[in-house]
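Okay, structure first, notes after.
Taken together, the values in this text are just the output of simple stated rules run on the coordinates, not laboratory data. Keep in mind the model is a prediction, meaning the values are calculated, not measured. Cβ sites come from the backbone with ideal geometry, for glycine too, and all protein chains shown count toward neighbours.
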Amino acid sequence: MKALGYALGLPAVLVAAWWVASDGSTNVFLPPLRTIVEAFGDVWFSDTFVSDVVPSLWRLAAGYAIALAAGVVPGFVIGRWAVPRALTGPLLAYFRVLPAPVLIPVLLVAVGIGDATKLIVITVGAVWPILLNTADGVRAADEVGLETAAAYRLPRRTRHLLVLRGASPQIFAGARQALGLSIILMVVSEMLMSTDGLGFTVVQFQRSFAIPQMWSGVLLIGLLGFGLAKLFELVERRALRWHRGHTGQLTERP
């Protein structure tokens, strides 16, 4: 409960300050928070949730899952063996700095505005933190432990699992970064090439000068990002409990 209080304390103070500061606003582009909250209920507690939020969450989940698979498996191979690492080094150095949104014009021509295009954008942008952190974590594997496992003639599969377990803190660090990138890329791809979804709806509100509704969409995206980050943190804490015990960090973080 104490950790929850810390997590919600500052946001609550900022929301209260926003509510008070904006209460008398007459700026059409910066409406009072009260008006935005009213629009939030009208827009998102309706059929709009099913027609726009659900497709966005599906694209986010699918793109993120593909990025996880496409990052962990090659990252393990690159980190574990020198030859793949040497062969892929220049290629990784190039693609890791290539912004995923740059691919949108090409994908629009080649694939169209369907879900496949948006999944590709999310995956391409989110895969790199996972892949690079996995490779670094695998490279830093405990060689003494691996030699001990080999001396006891443990199966190769078991030794690989030991390596992955040792690299899991860095894998989770990459996955945490990738989650934030996935949310950003989901919204950007929907703003530029979609007929539904959160990003598309926010742009439509902006184009029709429905400013409170537009702000309500921005608020919803922030709430979804916050909720998903906290859910990921919960999964990470449970999955890496052994690691905190190993490093002596058994107490809950504030």
Need one number: nm distance between label points at ALA69 and GLU38, each 7 Å from Cα along Cα→Cβ, rounded to one decimal. 4.8 nm
Using unit Cβ charges (K, R positive; D, E negative) and no other charged atoms, how large, in debye to the nearest 20, is the dipole of segment 1-105 about its Cα centre? 760 debye
Along the positive direction of the dipole of the chain (beta-carbon charges: Lys, Arg +1; Asp, Glu -1; about the Cα centre), which of PHE209, THR117, PHE95 reaches farthest? PHE95
Counted charge near MET186, where neighbours are those whose Cβ lies closer than 10 Å (Asp, Glu -1; Lys, Arg +1): +1
Among 14-21, 213-220, how do they line up from the highest to the lowest mean number of other beta-carbon atoms within 10 Å? 213-220, 14-21
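In the chain, which helices (entire DSSP H runs) extend 27 Å or more along their own long axis, judged by Cα positions, while averaging at least 0.0 on the Kyte-Doolittle scale? Don't skip to the answer; put the middle values down first.
Numbers: long enough: 2-22 (30 Å, 1.35); 54-80 (39 Å, 1.26); 115-139 (35 Å, 0.91); 156-192 (47 Å, 0.66); 211-239 (42 Å, 0.92).
Span-like helices here: 2-22, 54-80, 115-139, 156-192, 211-239.
Sort the following peptides by mean Cβ neighbour count (other Cβ atoms within 10 Å, averaged over residues), highest first: 223-230, 30-37.
Packing proxy ranking, top to bottom: 30-37, 223-230.
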Could the peptides 50-60, 188-198, 83-93 be put in order, highest first, of the mean number of other beta-carbon atoms found within 10 Å of their residues? 188-198, 50-60, 83-93
Explain nothing, just the number: dipole magnitude of the chain about its Cα centre with +1 on each Lys and Arg Cβ and -1 on each Asp and Glu Cβ, in debye rounded to the nearest 20. 1180 debye
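From the Cα gyration tensor of the chain, with a ≥ b ≥ c the square roots of its eigenvalues, which class applies: rounded if a/c is under 1.5, or else prolate if a/b is larger than b/c, or else oblate?
Values: a/c = 3.05, a/b = 1.61, b/c = 1.90.
Because a/c hits 1.5 or more and a/b fails to exceed b/c, the chain counts as oblate.
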